[in-house]
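Take a look at the structure below.
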Amino acid sequence: MEQKEGRKDDFKDGKLRWDLLPLDLIEKIVEVYHFGAQKYAPNTWKQLEDGENRYRAALLRHLTAHQKGELHDPESDLLHMQHVCWNAIALLHFALEKEKQSQDKVSE
């Protein structure tokens, strides 16, 4: 049987669907990274002492402000929800680091 149209199975075998990533929303999170890099220095957030607890607290502060009807963070003028998302990514970073350290200990 002759195939008349092109075919490519990009989504077989569990390939990640990067085409589903909402870049306009990701850009909003990047704005928070940019603000932080200007205020402090690029990527210093990873070395913050007790970072996991501090970013959890920041996430909850921004979420609470949003819940109370305050849309924008007064310091950055970015949406509180942008900060919530950024803090969630920071928490994911620390969770993945913990997982990696745990796996490294098991493999020793």
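The values are calculated or read from the model by the stated rules, or taken from the named source; none is laboratory data. In this text, all values refer to a predicted model and were calculated from it rather than measured experimentally. Note: ideal-geometry Cβ built from the backbone for every residue, glycine included; neighbour counts use all protein chains shown. Calculation scope for accessible area: heavy atoms of the full protein, side chains included, ligands and nucleic acids excluded. Shrake-Rupley method; radii C 1.70, N 1.55, O 1.52, S 1.80 Å.
In the stretch 65-77, what residues are open to solvent by 70 Å² or more (accessible area, probe 1.4 Å), on the phi < 0 side of the Ramachandran plot and not aliphatic (A, V, I, L, M)? Of everything in the stretch 65-77, those that are open to solvent by 70 Å² or more (accessible area, probe 1.4 Å), on the phi < 0 side of the Ramachandran plot and not aliphatic (A, V, I, L, M) turn out to be 67, 68, 70, 72, 74, 75. Only one of the numbered conditions (1) under 17 Å from the mean Cα position of the chain (by Cα); (2) farther than 17 Å from residue 92 by Cβ is violated by residue 12, and that is (1).
Residue pairs whose Cβ atoms lie under 6 Å apart, separated by 6 or more positions or on different chains, with the first residue in the stretch 27-45 and within 14 Å of residue 58 (Cβ to Cβ) and the second of a type in the set (Gly, Ala, Ser), are 35/76.
Every residue, every condition in (1) open to solvent by less than 80 Å² (accessible area, probe 1.4 Å); (2) at pLDDT 95 or above; (3) not in a helix (DSSP H, G or I), yes or no:
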residue: 6; (1), (2), (3): yes, no, yes
residue: 11; (1), (2), (3): no, no, yes
residue: 26; (1), (2), (3): yes, yes, no
residue: 29; (1), (2), (3): yes, yes, no
residue: 58; (1), (2), (3): yes, yes, no
residue: 61; (1), (2), (3): no, yes, no
residue: 96; (1), (2), (3): no, yes, no
residue: 101; (1), (2), (3): no, no, no
residue: 106; (1), (2), (3): no, no, no
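Of all residues in the stretch 31-48, those being open to solvent by less than 80 Å² (accessible area, probe 1.4 Å), of a type outside the set (Ser, Thr, Tyr) and not in a loop (DSSP other than H, G, I, E, B) number 6.
Contact map, the stretch 88-102: residues that are among the aliphatic types (A, V, I, L, M) paired with residues that are open to solvent by 60 Å² or more (accessible area, probe 1.4 Å) and in a helix (DSSP H, G or I), Cβ distance under 7 Å, separation 6+ or inter-chain. Pairs shown: 91/56.
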